[in-house]
Amino acid sequence: MSNGNSYNHHHQFPMSIPISCSSHSIQSQSRMNTLNANRDLLSPGNDVIVTRTVSPSFYSHGMPARDNVFRKDDHVRILGNTTDPAWYRARNANQEEGLVHADCVVRINGQAYDNGIVRMRASGCDVAPGAASTTSSTSSHHSTAANHQPWFHSMISRENTEKLLRGKPDGTFLVRESTNFPGDFTLCMSFHGKVEHYRIEQTSGGQLTCDKEEYFSNLTQLVSHYKRDADGLCHRLVTPIICETATFSSNGSSSFGSSSTVDLEDRTSVFRHAGLVISSNDIDVGDTIGHGEFGDVRLGTYKNRKVALKVSKRHGNGMLDSLLDEAKFMVGLSHPNLVTLVGVVLDDVNVYMITEYMANGNLIDLLRSRGRHALERRQLMMFAMDICQGMCYLESKQIVHRDLAARNVLLDDDLVAKVSDFGLAKKANSQSHDSASGKFPIKWTAPEALRHSQFTTKSDVWSFGILLWEIFSFGRVPYPRIPIQDVVRYIEKGYRMEAPEGCPPEIFKVMNETWALSAQDRPSFGQVLQRLTTIRNTV
Ligand SMILES: Nc1ncnc2c1ncn2[C@@H]1O[C@H](COP(=O)(O)OP(=O)(O)OP(=O)(O)O)[C@@H](O)[C@H]1O
């Protein structure tokens, strides 16, 4: 049925039944509703959903960085508090323990905790839809959010829907607002010459569901899900009936139709010219294999080869730009130590970035899980040299990565390390004023880049030194005892990290060279590679 790997995908679900041929309630007891609403959200034993990833590297409230935080959309059970009142111990379905931040959880049934201690922020945080709001406001929130989607027909009547859909190929669909159940929606699909209408119910917390088993934060997620897999519906969603009056609600600047399409055409022409546009029919989407800032990363298959997929809504927010920017950077890059872009898929709802699949996941997870006991020094040296070779290539192309860190290095079947995550990459010498936005991982970023936006290959060299430290400390968070807001000040006063336990002195020497305060005093990647090659032969 479903192919994700989050909690609610672990069991088989009953089929959804079209409302045109059944009563409206689907009798299945969902685990989602088993929480005792009277207990405090963060009391031990409570199940919660994490609403935002609090990345340790971006953490800036004076607390030590956390390296075992749960991520957005994780379902976890609260185990207890910590000495820090903002953080709670929790455990996920795989019995992994970690921390959740009190500001970033919501009840599994969607209601925010509101006892004066923990309060979902009204904005600036991914509050789960419906948290601390009423059904009618979440309903309008969902309609507004869906307004720009071509398949959303708002208040179209059932009769007109049937006129539009009857006789269309199986899987042709649209979504409308429910007339019988104000606040709910109806998913309508043609199938075998008839039209099926599925009620999309909205929970008190604003989650949407067709079957009380799969829950979605918004209609776009729901539609994407049923486009991938019928999952109990009579057919997978295939082609939308386009709503001529759909509008962009985010900035009001354009109506749905030619201008937005042309804009996307423009922005994706680079992929077309490079022969990198792939038909969605050629891709099979599988399990979730990772979580990024923008959303899930999925495993897929393309031409019998495993690939990874990052997805962004086509008519949407800045995420699409970020995804396209990242993918653009990867066009034309080809090196055994850089993750390769396989192509992009543009369907009518989503844009997917397809990259080669890296079976051993990211380096930081490997260092922390297998760590000291399983990874020999020689292997650590191999990681360092692989990454350095990838960076030499970027150096030769005058590309500055700006987010080099162990979390952004992926490992293939043979543990070959490849640099990934070009989301922040820039051509050297391009003007950039975005350091002020605070997007950059402070503990990995060179001081001149943080202070004056001077991102160069030499600032990447600084980050490489921090990455070396991560490798030889088996995945510790850098500057373990220094609050994040003090790091730059410490560095400018001459403070540098100590050598990780057991780190060869020659490697520590390289680290210190990469951490020269003045960028021009740092070695180039080519020089670092030479040093590492010499050291490798001696360790
Ligand atoms: N090509 C891939 N093969 C295998 N796993 C992958 C691949 N790409 C990403 N992942 C997994 O998904 C996770 C998140 O991906 P990625 O880091 O690219 O997302 P992101 O949105 O750029 O996240 P962030 O900004 O937090 O680093 C990775 O840490 C990794 O575990």
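The values are calculated or read from the model by the stated rules, or taken from the named source; none is laboratory data. Small disclaimer: the values here were computed from a predicted structure and weren't measured. All Cβ positions, glycine included, derive from the backbone under ideal geometry; neighbour counts span all protein chains shown.
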* Asked: Looking at (1) farther than 25 Å from residue 312 by Cβ; (2) at pLDDT below 90; (3) touching a helix residue (DSSP H, G or I) at 6+ places or on another chain (Cβ under 7 Å), which is the one condition that is false for residue 446?
  -> (2)
* **Criterion: in a loop (DSSP other than H, G, I, E, B) and surrounded by 17 or more Cβ atoms within 10 Å (Cβ to Cβ) - qualifying residue of 407, 402** => 402
* Answer yes or no: is there a residue in segment 503-519 that is outside any helix (DSSP H, G or I) and closer than 23 Å to residue 379 by Cβ. => yes
* Give 488, 477, 539, 510 a once-over and let me know the one that is among the aliphatic types (A, V, I, L, M) and modelled with pLDDT of 95 or more. => 510
* Of all residues making up segment 209-222, the number that are surrounded by fewer than 23 Cβ atoms within 10 Å (Cβ to Cβ) and hydrophobic (A, V, I, L, M, F, W, C) -> 2
* Has segment 316-331 got any residue that is touching a Leu at 6+ places or on another chain (Cβ under 9 Å) and closer than 28 Å to residue 472 by Cβ? -> no
* Structure fact -> Of the listed residues (313, 303), the one being modelled with pLDDT of 85 or more, basic (Lys, Arg) and more than 10 Å from the ligand (Cβ to nearest atom) is 303
* To do: Identify, by number, the condition in (1) of a type in the set (A, V, I, L, M, F, W, C); (2) over 23 Å from residue 347 (Cα atoms); (3) modelled with pLDDT under 85 that residue 248 doesn't meet.
  => (2)
* Residues in segment 487-520 that are among the acidic types (Asp, Glu) and closer than 18 Å to residue 534 by Cβ: how many? -> 2
* Asked: Quick one: is residue 464 of a type in the set (Phe, Trp, Tyr) and either assigned to a loop (DSSP other than H, G, I, E, B) or surrounded by fewer than 22 Cβ atoms within 10 Å (Cβ to Cβ) (or both)?
  -> no
* **Among the residues listed as 181, 152, the single one being surrounded by fewer than 18 Cβ atoms within 10 Å (Cβ to Cβ), within 27 Å of residue 51 (Cβ to Cβ) and aromatic (Phe, Trp, Tyr)** => 181
* Structure fact -> Subset of segment 396-422, residues farther than 24 Å from residue 479 by Cα and within 12 Å of the ligand (Cβ to nearest atom), comes to 411, 412, 413, 418, 422
* Matching residues in segment 152-179 - criterion: being farther than 15 Å from residue 242 by Cβ, among the charged types (D, E, K, R) and within 36 Å of the chain's Cα centre (by Cα) -> 170, 177
* Asked: Only one of (1) exposed (fewer than 15 other Cβ atoms within 10 Å of the Cβ); (2) modelled with pLDDT of 95 or more fails for residue 501. Which number is that?
  -> (2)
* Name every residue in segment 341-363 that is near the ligand (Cβ under 9 Å from one of its atoms) and either surrounded by fewer than 21 Cβ atoms within 10 Å (Cβ to Cβ) or of a type in the set (Ser, Thr, Tyr) (or both), in order of residue number. => 355, 356, 357, 359, 360, 361, 362
* Select from segment 384-414 the residues that are hydrophobic (A, V, I, L, M, F, W, C) and closer than 25 Å to residue 69 by Cα and list them in ascending order. => 404, 405, 406, 409, 410, 411
* Hits in segment 322-340 (condition: away from the ligand (no atom under 14 Å from the Cβ), touching a Gly at 6+ places or on another chain (Cβ under 8 Å) and part of a helix (DSSP H, G or I)) -> none
